[in-house]
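Scroll down for the structure; my scribbles are underneath it.
Read-outs: derived from the displayed coordinates by stated rules, not from any lab. Bear in mind the structure is a predicted one, so any value in this text is a computation, not a measurement. Cβ placement follows ideal geometry from the backbone for every residue including glycine, while neighbour counts extend to all protein chains displayed.
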Amino acid sequence: MSVPGFYSLVLEDADSLAAAWLPFLEPGGLFVATRRDHFLGEEVVLLLQLPDGEKHSLAGSIAWIGADDLSGRRPGAGVALDGEEGQALAETIRRIVGDGPTPADALLTRC
């Protein structure tokens with residue numbers, strides 16, 4: 001059995017949370033900047049601090065992978081929030097960032 005990857009995210013304000021938020025993933029997800037090799041569906045653990053200082057530790061799964069390219073975008077992965085904890089965290093994030101971009105707009109900014 002493999003050990004899941006761990007990512008620590010400290011999101012200091014609503015803008016940084018909104019920039020990492022991936023509303024097009026179900027129930028929601030977060031962008032993690034990384035150069036690590038991952039595969040779709042791989043389980044990872046997120047250690048997350050929200051702007052209000054609230055801390056969370058929860059499971060997620062790799063939903064998409066963005067490779068390093070010539071466009072200057074950061075390589076990374078989209079982590080879908082898993083389970084009941086993920087659903088509750090997604091609701092909390094939606095309250096903080098508001099409606100935010102539409103799923104299509106959010107996806108286009110990541111491509």
For the range 14-31, Karplus-derived ³J(HN,Hα) couplings (6.51, -1.76, 1.60; θ = phi - 60°; whole Hz; x for glycine and proline) come out as 4, 5, 5, 5, 4, 5, 8, 5, 10, x, 7, 8, 9, x, x, x, 9, 7
Note, the range 78-90: 3J(HN,Hα) by Karplus (6.51, -1.76, 1.60, θ = phi - 60°), whole Hz, Gly/Pro = x, goes x, 10, 6, 6, 10, x, 5, 5, x, 4, 5, 5, 4
Ordered by number, the chymotrypsin sites (Phe, Trp or Tyr not before Pro) in the range 11-101 that occupy a DSSP loop and have at most 10 other Cβ atoms within 10 Å are Phe39
